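Reading through the structure tokens given below for one structure.
The values are calculated or read from the model by the stated rules, or taken from the named source; none is laboratory data. Because the structure is a prediction, the values reported are computed rather than measured. Please note: Cβ atoms are built from the backbone with ideal geometry, for glycine as well, and neighbour counts cover all protein chains shown. We work out accessible area using only protein heavy atoms, side chains counted, and drop any ligands, DNA or RNA first. Shrake-Rupley method; radii C 1.70, N 1.55, O 1.52, S 1.80 Å.
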Amino acid sequence: MQYSFYDFLKLIGSLGLFLYGMKIMSEGLQKAAGDRLRSILTAMTTNRVTGVLTGCLITALIQSSSATTVMVVSFVNAGLLTLTQSISVIMGANIGTTVTAWIISIFGFKVDMAAFALPLLAFALPLIFSSKSTRKSIGEFIFGFSFLFMGLSMLKTNAPDLAQNPDMLAFVQNYTDMGFLSVLLFLFIGTVLTMIVQASAATMAITLIMCANGWISYELGAALVLGENIGTTITANLAALTGNSQARRAALAHLVFNVFGVIWVLVIFTPFVNGVSWFVDTYMHPGTEEVAVSYKLSAFHTTFNICNVLLLIWLVKFIEKTVRLIIPAKEEEEEYRLRYISGGMLSTAELSILQASKEIHLYAERTHRMFNMIKDLLHTEKDDEFNKTFSRIEKYENISDNMELEIANYLNQVSEGRLSSESKLEIRAMLREVTEIESIGDSCYNLARTINRSRQGNINFTEKQYEHIHFMMELTNDALQQMIAIIETKDHGQQININRSFNIEGEINNYRNQLKNQNIIDVNNKEYDYQMGVYYMDIIAECEKLGDYVINVVEAVNSETKEKK
């Protein structure tokens, strides 16, 4: 039998269909679950056991431990999960990912799922074109499920028949009879292969086919499975590269957990493998040899991960200390660094919205800090201190511009992903929030410049003017604090109340009008000169303008929470 380049391309194409099916299936389910998936993760990680069960459940549902771990790393990065909680969820994800192997073993080898794939697509077709986003997501999930098994069926069909081709069989067998060295070699191959494909389920499918076709023995298949467990950690580590220290620690914990598991299994490899084989033969009666070996591998994969979790669940604190030692805490990150948004790989689109939301909260707090500097600037007597504070405000203005750009670009990137219609509207509201917060930063800078100009013109406001400016700034400060409180309430998914913000805005407007009229009277009465009145009213008017931007942010947040419902 000649195995041509065309046949090889067909094999790679089959793998492509399998991977694409898995991706579509995972994305469809994540979109259908959306916010619920988020709330499940945050609510159900109160202790180690519930954390493990949650990780197991979510991974079994979305059929990708990589997606779960990337999600968990993102949650840690966004400060929603602690490192301890994340480790238990990742442990559960390792058990959950073994479900894929069982689905392939039971349906892929026993039932010809490819025969059902096309009829399933017929059912999914009307759902795909549905206007309701949940139905559409379910349609995508079914499409992915069908592609997954079509890909698996084609992988089996297009794999070279080694029984008819002894040359290729000899090549594989050169490395299969080196005893324990073969086990280590196949463990390494499994790791590298999974790192390249970035999906342990795909490598698992390849392993099941290799063993079912008799290319390699069950023992070497088990070694490949161990390698896949190490290789699958690469995705989370790549996702965490641009994250904060905690996110990188969570990803490293996944690697430490799996490497430790592989080490202890290698010590008792032969009895462990034989024990699983005996259990399957005695209690599961799989039937044909092809099905038997796939059952054994699936059972080995599940047993290994369950034993590893049962062993290491007691050592969560130790794993946490280990990763903290390997990745020490960085110095407080520079002001301009985004804290929650990673510049590299995007996690799931729905989750990215959550990260951006946390970043917007931080952005609002930074502009509030900037406003507090203005209040200090107003009463700074010494020149050097004044210049230092003024240049700090200028720096904050640059940071504010950069943050607006980066958050907006990130949201635009997210909106290009596969999103529900509600999430698209949510992103639109968030973009408006970012624009208005940047305008607050601009207003703060304008206030600083006005104070600077009045200082250079040797203008000293009267006591009464200072009193009025202070009161106006207090009102503006209240408005900013209320705005941040509303953003925080929204982040925690609670009911927001915007009435207080509108009341403060009304007070600011009335006070500005009152001072405007009083200023004309005071200038006419020669209480101060016209130029002083101009600077004075510039500060008052800018505070009022800042209040308008605050209300715009509050309205945008309010419309965003309505979209979520």
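Some observations on this one:
- As a summary of the residue check, Gly151 satisfies the conditions (1) at pLDDT below 85; (2) touching a Phe, Trp or Tyr at 6+ places or on another chain (Cβ under 8 Å); (3) under 30 Å from Leu425 (Cα atoms); (4) small (Gly, Ala, Ser) except for the one numbered (3).
- Residue under evaluation Arg428, criteria (1) surrounded by fewer than 19 Cβ atoms within 10 Å (Cβ to Cβ); (2) touching a helix residue (DSSP H, G or I) at 6+ places or on another chain (Cβ under 8 Å); (3) without any contact (Cβ under 8 Å) to a residue 60 or more places away in the chain, criterion not met: (2)
- One residue from Leu419, Leu425 being at negative phi and touching a Lys or Arg at 6+ places or on another chain (Cβ under 8 Å): Leu419
- Screening Glu381, Glu394 for residues that are open to solvent by 50 Å² or more (accessible area, probe 1.4 Å), farther than 30 Å from Thr561 by Cβ and part of a loop (DSSP other than H, G, I, E, B) leaves exactly one candidate, Glu381.
- Test: residue in the range 223-232 that is at pLDDT below 80, assigned to a helix (DSSP H, G or I), in contact with a helix residue (DSSP H, G or I) (Cβ under 9 Å, 6 or more places away or on another chain) and not β-branched (Val, Ile, Thr): no
- Among the criteria (1) open to solvent by 50 Å² or more (accessible area, probe 1.4 Å); (2) modelled with pLDDT of 90 or more; (3) more than 20 Å from Met403 (Cβ to Cβ), the one Gln465 does not fulfil is (1).
- Test: residue in the range 533-543 that is open to solvent by 80 Å² or more (accessible area, probe 1.4 Å) and either without any contact (Cβ under 8 Å) to a residue 60 or more places away in the chain or under 50 Å from the mean Cα position of the chain (by Cα) (or both): no
- Test: residue in the range 489-497 that is open to solvent by 70 Å² or more (accessible area, probe 1.4 Å), assigned to a helix (DSSP H, G or I) and not small (Gly, Ala, Ser): no
- Among the residues here, Val554 qualifies as β-branched (Val, Ile, Thr) and either closer than 20 Å to Thr435 by Cβ or not in a helix (DSSP H, G or I) (or both).
- Residue among Tyr528, Tyr466, Tyr511 that is of a type in the set (Ser, Thr, Tyr) and part of a loop (DSSP other than H, G, I, E, B): Tyr528
- Filtering the range 451-492 to residues that are closer than 30 Å to His361 by Cβ and among the aromatic types (Phe, Trp, Tyr) leaves only Phe471.
- Asn452 satisfies every condition listed in (1) farther than 24 Å from Gly547 by Cβ; (2) open to solvent by 10 Å² or more (accessible area, probe 1.4 Å); (3) touching a residue at least 60 places away in the same chain (Cβ under 8 Å) except (1).
- The residues in the range 519-565 that are under 13 Å from Leu447 (Cβ atoms) and of a type in the set (Asp, Glu) can be counted, and the count is 3.
- Qualifying residue in the range 406-424 (condition: more than 30 Å from Met25 (Cβ to Cβ), within 38 Å of the chain's Cα centre (by Cα), surrounded by fewer than 19 Cβ atoms within 10 Å (Cβ to Cβ) and of a type in the set (S, T, N, Q)): no
- All told, Glu290 meets the bar of being in a helix (DSSP H, G or I) and modelled with pLDDT under 75.
- The set of residues in the range 512-531 that are out of contact with any Gly (no Cβ under 8 Å at 6 or more places or on another chain) and open to solvent by less than 30 Å² (accessible area, probe 1.4 Å) comprises Leu515, Tyr528.
- Residue tally, condition within 23 Å of the chain's Cα centre (by Cα) and free of Cβ contacts under 8 Å to residues at least 24 places away in the same chain, over the range 431-449: 1
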